[in-house]
Amino acid sequence: MTNAHDTDHLLLQLNSKSQKKPLHNFQSDTRLLTAPEAQAIFEGAELERVEKEQVAAAEKAEKELVERQRNLETHHNAAFKTFDSPLTTYKLKDDLRDISMALALDNTGTIPDLVAQIKEHMDPNPALASVPCFAALYLTNCRGRKRPMVDPTPSLVPTPDAPASVHVDPAPVVGNSADIPIDPLFL
């Protein structure tokens, strides 16, 4: 019986192959072009491609320049910036990168990663609180309360171990800025 079933199946396949199939409509987006038209279209497409490559190259160069400037600013801030607020107040990634660079840490990653990395470095190193550029990072952010100000100028009161003949005049102040004393040695 299975042999008869196989024979019927083979006859059905043979009959379906021998029957004519209806023609299907085939739609295409092709055009018939002559040689001058094809050359003009090719040149236009090539010109657009070249322009896009030039724009992409200019954008890439500008992006690299901005990144290079950001890195230079980060290195400068790491070397010379005094961080004057508690660590919890820094929310921008560039500020956290500056702190990381100043502490000689990796300055890549997300904002939470940078904050965690800085805290992990600061916790076992409390001696950094005595470094003037990092001292404020150790302060807590107390809303509504003023933090005690640390006098940046040394005391001008003579000490008992100082010679009595040495008298130090207070540093003169330039302009309206009373916060920036000028060292008398440079006058």
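For a quick size check, give me the Cα extents of the stretch 79-123 along its three principal axes, largest first, whole Å.
Rounded to whole Å, the extents work out to 23, 22, 20 Å.
So which of Lys52/Lys93; Lys91/Lys119; Lys60/Lys119 end up more than 24 Å apart, counting from Cα to Cα?
Cα-Cα > 24 Å for Lys52/Lys93; Lys60/Lys119; rest within.
Read-outs throughout are calculated quantities, based only on the coordinates presented, and are distinct from any laboratory measurement. This is a predicted model, so every value here is computed, not measured.
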